[in-house]
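Single-structure report; data block below.
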Amino acid sequence: MGELNAQQLKLLERFVLRARIVQDHSLARDIEDLRKQADTTFKFVFTRKPATGETSVNLKPVDLIPTEQLESAAARVRPIFLKSDKVHYDSVLDTVNAALKGRSGAGDLVAKAKELRTSFRQADPDYPSGKPESDWDGSALSNKQLSGAWLYGHLLHEDAVRRSYSGLMPLEEIYLSAMRTVCSEMLTTVETLHLIEQLQVKGWLELRESLFTDEVTVTATSWVQPGQVRAFTAPVGTALPDNFGMDDLESHGWKDAAEELLPRADEGN
């Protein structure tokens, strides 16, 4: 009943680490804002001139995420959409379902896993048609084709076939499609992480607790090697010994840099 083998647990471990890297990205700090960025609806502005009664309809401007911020987000979430990286969302959700199988009271979680699979597939530029094999033929373009044109033709890969699907669209429109795709991918990844956390809390998974608490990204702005450090100096061209003990260094002409460079106490005057 819901027992996972070692290979399945390893898959979830790898996904949790990747999903936490995605969650640590600046775009995911405010989940509601990320949800808004993933929203694919368009908003219209309707106006009527009082003097003439003339009406007009315009699209409301959409704020675009800075390109470099979106690029880094795309790089973080990309492995979850690559079967070759072994943390593909289908494999992850298959494993989650295996962990839920036969569990009493798991109905809502099973439904959530199904919903997440749908969300992943809606965001995946390669689902269901896969990677295009031939250049754009001039027909109407879908949002997925536009997203793939930017992500795999302009950004993550240099794919000339994908790039051809940019068509004659303004670059900003192609980028907007990619922006919504990446944010949708991130949102669904984070929600899948939260589902796995629920299973862990219920005791239905046997993942190591440190997996959810150890740092996975660098947030520090500076760093220094811990412990005592020693430096040595020697004329240019001096050979290094096979071992780095004091006796070996000194025998090869190396001297303690602090002793050589700092004035001695009796030389202060």
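The values are calculated or read from the model by the stated rules, or taken from the named source; none is laboratory data. Treat the numbers as computed from the prediction; the structure is a model and nothing was measured. Neighbour counts are summed over all protein chains in view; Cβ atoms, including those assigned to glycine, are modelled from backbone coordinates with ideal geometry.
Among residues of the range 29-53 that are assigned by TED's automatic domain parsing to the domain that holds residue 173, those with a beta-carbon under 6 Å from a residue that is surrounded by 11 or more Cβ atoms within 10 Å (Cβ to Cβ) and not hydrophobic (A, V, I, L, M, F, W, C) at least six positions away or on a different chain give the pairs 38/180; 38/184; 40/180. Quick one: in the range 212-237, of everything that is farther than 15 Å from residue 16 by Cα and under 20 Å from the mean Cα position of the chain (by Cα), which residue is surrounded by the most Cβ atoms within 10 Å (Cβ to Cβ)? Within the range 212-237, the match that is surrounded by the most Cβ atoms within 10 Å (Cβ to Cβ) is 218.
Let's see how each residue does on (1) under 28 Å from residue 39 (Cβ atoms); (2) β-branched (Val, Ile, Thr); (3) without any contact (Cβ under 8 Å) to a residue 40 or more places away in the chain:
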| position | (1), (2), (3) |
| --- | --- |
| 151 | yes, no, no |
| 155 | yes, no, no |
| 162 | yes, no, yes |
| 166 | yes, no, yes |
| 188 | yes, yes, no |
| 194 | yes, no, yes |
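The residue that is farthest from residue 4 (Cα to Cα), counting only those in the range 165-209 that are polar (S, T, N, Q) and at pLDDT 95 or above, is 181.
Among residues of the range 27-57 being at pLDDT below 85 and hydroxyl-bearing (Ser, Thr, Tyr), the one that is farthest from residue 188 (Cα to Cα) is 41.
A quick yes/no check of all residues on (1) within 12 Å of the chain's Cα centre (by Cα); (2) farther than 20 Å from residue 178 by Cβ; (3) surrounded by 11 or more Cβ atoms within 10 Å (Cβ to Cβ):
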site	(1), (2), (3)
3	no, yes, yes
31	no, yes, yes
38	no, no, yes
42	no, no, no
52	no, yes, no
63	no, no, no
74	yes, no, yes
84	no, yes, no
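Being touching a Lys or Arg at 6+ places or on another chain (Cβ under 7 Å) and either closer than 17 Å to residue 74 by Cβ or not hydrophobic (A, V, I, L, M, F, W, C) (or both) is the requirement here; does residue 151 meet it? Considered against the rule, which asks whether it is touching a Lys or Arg at 6+ places or on another chain (Cβ under 7 Å) and either closer than 17 Å to residue 74 by Cβ or not hydrophobic (A, V, I, L, M, F, W, C) (or both), residue 151 comes out as no.
Scanning the range 181-201 for residues that are over 17 Å from the mean Cα position of the chain (by Cα) and under 17 Å from residue 111 (Cα atoms) turns up 195, 196, 197, 198, 199. Report whether or not residue 110 is at pLDDT below 95 and over 21 Å from the mean Cα position of the chain (by Cα). For residue 110, the condition - at pLDDT below 95 and over 21 Å from the mean Cα position of the chain (by Cα) - is not met.
You will find that of 185, 259, 172, the residue that is in the same structural domain as residue 66 (by TED's automatic domain parsing) and either over 30 Å from residue 114 (Cβ atoms) or touching a strand residue (DSSP E or B) at 6+ places or on another chain (Cβ under 7 Å) (or both) is 172 and no other.
Every residue, every condition in (1) part of a helix (DSSP H, G or I); (2) crowded, with 19+ Cβ neighbours inside 10 Å, yes or no:
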| position | (1), (2) |
| --- | --- |
| 161 | yes, no |
| 168 | no, no |
| 179 | yes, yes |
| 182 | yes, yes |
| 192 | yes, yes |
| 197 | yes, no |
| 203 | no, no |
| 210 | yes, no |
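Inspect the range 97-104 for any residue being without any contact (Cβ under 8 Å) to a residue 12 or more places away in the chain, assigned to a helix (DSSP H, G or I) and either of a type in the set (Asp, Glu) or in the same structural domain as residue 25 (by TED's automatic domain parsing) (or both) and give the result as yes or no. Within the range 97-104 (the criterion being without any contact (Cβ under 8 Å) to a residue 12 or more places away in the chain, assigned to a helix (DSSP H, G or I) and either of a type in the set (Asp, Glu) or in the same structural domain as residue 25 (by TED's automatic domain parsing) (or both)), the answer is no, since none of the residues qualifies.
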